[in-house]
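Shown next, in structure tokens, is the structure this report addresses.
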Amino acid sequence: MRGGPLPPALLCAAIGLALGYAPWRTGLLACLVVTAVSAAVSILSLPQAWTDLIFAGCWISVALSAACVHLPHRIGLPGAVLLAVNGGVWAGMVAKAGGDGPTLMIALPLLLLCLPSHWLAVSGRGVAVKVAASWLIAIAGLELMVGLTPTPGYKPDHMD
């Protein structure tokens, strides 16, 4: 999963689920921060050598953002802004490294998962959000390991 809208979309989904455990105004403000930061970062020029690091950082950020739903208390404004800036930086860099044009336009609407996530959390049905976030953690962990494991034929080795 090195290109297209899927990596930033999974990151935005993880952030949206995590922001469901913040007050709804804080969550919407954080969504705007993610949008602004990712748009700003996506216009930067990045060295091609950073691609592996960028995708590894994205998957780590997906796992950490999704893990925020398991915190024992709600996310406050400082935590939501920190989560938003981190997510915006990685989403912008992955969108730029992926090379596709409209990836952010496809991924950023998934931030609005904070609205149904918030409704589920305050109505006592937050376990559904936690299950979805746990699946995102598993996907990110698997993708991180696949990306870091050398696969014969994909990279030059001593035989080339």
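The figures follow:
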{"item": "Which listed residue is in contact with a helix residue (DSSP H, G or I) (Cβ under 8 Å, 6 or more places away or on another chain) and either at pLDDT 95 or above or within 14 Å of Leu19 (Cα to Cα) (or both), from Lys130, Lys96", "result": "Lys130"}
{"item": "Search result, residues across segment 66-82 that are farther than 18 Å from Val127 by Cβ, surrounded by fewer than 24 Cβ atoms within 10 Å (Cβ to Cβ) and touching a residue at least 24 places away in the same chain (Cβ under 8 Å)", "result": "Gly76, Leu77, Gly79, Val81"}
{"item": "Residue match in segment 45-64 (condition: in contact (Cβ under 8 Å) with a residue 12 or more places away in the chain, surrounded by 14 or more Cβ atoms within 10 Å (Cβ to Cβ) and under 21 Å from Val122 (Cβ atoms))", "result": "no"}
{"item": "Given (1) among the β-branched types (Val, Ile, Thr); (2) in contact with a Cys (Cβ under 7 Å, 6 or more places away or on another chain); (3) assigned to a helix (DSSP H, G or I), number of the condition Ile75 does not satisfy", "result": "(3)"}
{"item": "Index of the failed condition, Ser123 passing every other in (1) free of Cβ contacts under 8 Å to residues at least 40 places away in the same chain; (2) polar (S, T, N, Q); (3) surrounded by 12 or more Cβ atoms within 10 Å (Cβ to Cβ)", "result": "(3)"}
{"item": "Selected residue (criterion: farthest from Val122 (Cα to Cα)) from residues of segment 16-29 that are in contact with a Cys (Cβ under 8 Å, 6 or more places away or on another chain), hydrophobic (A, V, I, L, M, F, W, C) and part of a helix (DSSP H, G or I)", "result": "Leu28"}
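The values are calculated or read from the model by the stated rules, or taken from the named source; none is laboratory data. As the structure is a prediction and not an experimental result, all values here were calculated from the model. Note that each Cβ is placed from the backbone with ideal geometry, even for glycine, and that neighbours are counted across all protein chains shown.
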